[in-house]
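Asker: One structure follows; several queries about it will come next.
The values are calculated or read from the model by the stated rules, or taken from the named source; none is laboratory data. Please read these numbers as outputs of a predicted model, since none were measured by experiment. Neighbour counts are summed over all protein chains in view; Cβ atoms, including those assigned to glycine, are modelled from backbone coordinates with ideal geometry.
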Amino acid sequence: MRSPLISPSILSADFARLGEEVRAVDAARADWIHLDVMDGHYVPNLTFGPALVKALRPHSAKLFDVHLMCSPVDRWIEPFAKAGADILTIHPEAGPHIHGSVQAIKAAGKLAGISLNPGTPAKMLDYLIDEIDLVLVMSVNPGFGGQSFIATQLKKIEAVRKLIDKAGRDIRLEVDGGVNPETARQCVEAGADVLVAGSAVFTGGAGAYAANIAALREGA
Ligand code: DX5
Ligand code: ZN
C-alpha cells in the first residue's frame, strides 16, 4: 500500500495567522493545502472567499485543494480559479448542473473534483467519472471541523475505488472529515490515496505539525 498524500485543512488553523500557518504545514511536509469554502447557505457555516485564497497563494507552492461548499457554485468557479486554486471540488447537490460545472472547471484549466456527502451514493459518479480528476468522500456532514468519522463511509470508499480502477484514469480518492491516525489506516485500506485532516494536524502548535502529519502517514 502506498503512503497517502496529506492535505491539511486550514479550517482548524489560527485564522489570525493564516499565512504563517500555511507556511508551517508546508514546512511540516504537507503534500497539498485544503481550503474549505463555506457559503452559509449550502452549509451552516461561513469561511472565506477568493480574496483569501489569493492572499495565501504566495505562502506555499503546494497544490491548493479548494473544497467549494457553495450553492449555486458556478459563479465561484472562475474567481477561485483566478485566485490560485489548483483543484476545485464541488458537491452535486449544490447544483444546479453538476456536469456543466465540471466542464466549467476544466475550461478554467483546473483539476475537477466531485464531493459525495455521507448520504450521497457512489452511483452519483456513474456519468461523471470519465470527466473528473478527484473524488472526495465526506466522512462527516460538511460544515464544521472536529466531527467524528462516520464509519459507514468506508464501504463507499471501497465502491469508489472500484469505479476509479475501472475507469483506468489517474483519479485521486480523497477522504475528508474525522481523519486521525486510526481512521487514516481504515481509509487507506478501503482505497483512499489522499487524506484531509484539520484537527489532527493543527493541534499542539506549529512545532507539532510535522509529527502530526507523519503520524497520519504512518497510521495509514
Ligand atoms: C468539513 C470540512 C473539512 C474539515 C475537516 O466540512 O470539509 O475539511 O476541515 O476537519 P477535521 O479533520 O477536523 O474533521
Ligand atoms: Zn473539506
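Asker: Can you say whether residue 11 is among the aliphatic types (A, V, I, L, M), within 16 Å of ligand 2 (Cβ to nearest atom), under 25 Å from residue 160 (Cβ atoms) and surrounded by fewer than 21 Cβ atoms within 10 Å (Cβ to Cβ), as far as the supplied structure shows? Give the derivation first.
Answerer: Details: among the aliphatic types (A, V, I, L, M): yes; within 16 Å of ligand 2 (Cβ to nearest atom): yes; under 25 Å from residue 160 (Cβ atoms): yes; surrounded by fewer than 21 Cβ atoms within 10 Å (Cβ to Cβ): no.
Considered against the rule, which asks whether it is among the aliphatic types (A, V, I, L, M), within 16 Å of ligand 2 (Cβ to nearest atom), under 25 Å from residue 160 (Cβ atoms) and surrounded by fewer than 21 Cβ atoms within 10 Å (Cβ to Cβ), residue 11 comes out as no.
Asker: Separate question: Regarding region 204-217, can at least one residue be identified that is among the charged types (D, E, K, R) and either more than 17 Å from the chain's Cα centre (by Cα) or surrounded by 19 or more Cβ atoms within 10 Å (Cβ to Cβ) (or both)? Full working, then the answer.
Answerer: From region 204-217, those among the charged types (D, E, K, R) are 217; that's our starting set.
Cutting the leftovers down to either more than 17 Å from the chain's Cα centre (by Cα) or surrounded by 19 or more Cβ atoms within 10 Å (Cβ to Cβ) (or both) gives us none.
Within region 204-217, none of the residues are among the charged types (D, E, K, R) and either more than 17 Å from the chain's Cα centre (by Cα) or surrounded by 19 or more Cβ atoms within 10 Å (Cβ to Cβ) (or both).
Asker: If a residue has to be out of contact with any strand residue (DSSP E or B) (no Cβ under 6 Å at 6 or more places or on another chain) and within 14 Å of ligand 2 (Cβ to nearest atom) to count, how many in region 30-52 make the cut? Outline the logic, then answer.
Answerer: Initially, region 30-52 is screened for residues out of contact with any strand residue (DSSP E or B) (no Cβ under 6 Å at 6 or more places or on another chain), giving 39, 41, 44, 48-52.
Adding the requirement that they be within 14 Å of ligand 2 (Cβ to nearest atom) leaves 39, 48.
Going through region 30-52 one residue at a time, the tally reaches 2.
Asker: Being more than 30 Å from residue 14 (Cβ to Cβ), more than 16 Å from the chain's Cα centre (by Cα) and either crowded, with 17+ Cβ neighbours inside 10 Å or within 11 Å of ligand 1 (Cβ to nearest atom) (or both): is that true of residue 157 here?
Answerer: Working: more than 30 Å from residue 14 (Cβ to Cβ): yes; more than 16 Å from the chain's Cα centre (by Cα): no; either crowded, with 17+ Cβ neighbours inside 10 Å or within 11 Å of ligand 1 (Cβ to nearest atom) (or both): yes.
Judged against the criteria, residue 157 is not a match.
Asker: So, one more: With respect to residue 147, is the statement that it is surrounded by fewer than 22 Cβ atoms within 10 Å (Cβ to Cβ), assigned to a helix (DSSP H, G or I) and of a type in the set (S, T, N, Q) true? Spell out how you get there, then give the answer.
Answerer: Working: surrounded by fewer than 22 Cβ atoms within 10 Å (Cβ to Cβ): yes; assigned to a helix (DSSP H, G or I): no; of a type in the set (S, T, N, Q): yes.
Spelling it out, it is not the case that residue 147 is surrounded by fewer than 22 Cβ atoms within 10 Å (Cβ to Cβ), assigned to a helix (DSSP H, G or I) and of a type in the set (S, T, N, Q).
Asker: Could you grab me the full set of residues in region 60-85 that are touching a residue at least 40 places away in the same chain (Cβ under 8 Å) and in contact with a Leu (Cβ under 8 Å, 6 or more places away or on another chain)?
Answerer: Selection gives 65, 67, 80, 85.
Asker: Condition test on residue 43, is it buried (at least 16 other Cβ atoms within 10 Å of the Cβ) and within 20 Å of residue 133 (Cβ to Cβ)? Before you say what the answer is, go through the steps one by one.
Answerer: Values: buried (at least 16 other Cβ atoms within 10 Å of the Cβ): yes; within 20 Å of residue 133 (Cβ to Cβ): no.
For residue 43, the condition - buried (at least 16 other Cβ atoms within 10 Å of the Cβ) and within 20 Å of residue 133 (Cβ to Cβ) - is not met.
Asker: Also, I was wondering about something else. For residue 128, are the conditions met, namely being among the hydrophobic types (A, V, I, L, M, F, W, C) and under 17 Å from residue 194 (Cα atoms)?
Answerer: Values: among the hydrophobic types (A, V, I, L, M, F, W, C): yes; under 17 Å from residue 194 (Cα atoms): no.
No; evaluated as a whole, the condition is false for this residue.
Asker: Moving to a separate point now. Out of the helices (runs of 4 or more DSSP H) lying entirely within region 29-126, which hold 3 or more residues that are within 27 Å of residue 169 (Cα to Cα) and under 16 Å from the mean Cα position of the chain (by Cα)?
Answerer: Hits in region 29-126: 74-83.
Let's see how each residue does on (1) under 30 Å from residue 29 (Cβ atoms); (2) not charged (D, E, K, R):
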{"position": "41", "(1), (2)": "no, yes"}
{"position": "50", "(1), (2)": "yes, yes"}
{"position": "89", "(1), (2)": "yes, yes"}
{"position": "93", "(1), (2)": "no, no"}
{"position": "101", "(1), (2)": "no, yes"}
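Asker: Checking residue 137 against (1) within 17 Å of residue 37 (Cα to Cα); (2) surrounded by fewer than 21 Cβ atoms within 10 Å (Cβ to Cβ); (3) within 14 Å of ligand 1 (Cβ to nearest atom); (4) not hydroxyl-bearing (Ser, Thr, Tyr), which single condition isn't satisfied?
Answerer: Status for residue 137: all satisfied but (2).
Asker: Take the conditions at pLDDT 95 or above, within 20 Å of residue 143 (Cα to Cα) and out of contact with any strand residue (DSSP E or B) (no Cβ under 9 Å at 6 or more places or on another chain) and apply them to residue 79. Does it pass?
Answerer: Working: at pLDDT 95 or above: yes; within 20 Å of residue 143 (Cα to Cα): no; out of contact with any strand residue (DSSP E or B) (no Cβ under 9 Å at 6 or more places or on another chain): yes.
When the stated conditions are applied, residue 79 does not pass them.
Asker: Evaluate the following for residue 195: is it within 16 Å of ligand 1 (Cβ to nearest atom) and either within 20 Å of residue 124 (Cα to Cα) or surrounded by 22 or more Cβ atoms within 10 Å (Cβ to Cβ) (or both)? Explain how you work it out, then say what you get.
Answerer: Values: within 16 Å of ligand 1 (Cβ to nearest atom): yes; either within 20 Å of residue 124 (Cα to Cα) or surrounded by 22 or more Cβ atoms within 10 Å (Cβ to Cβ) (or both): yes.
For residue 195, the condition - within 16 Å of ligand 1 (Cβ to nearest atom) and either within 20 Å of residue 124 (Cα to Cα) or surrounded by 22 or more Cβ atoms within 10 Å (Cβ to Cβ) (or both) - is met.
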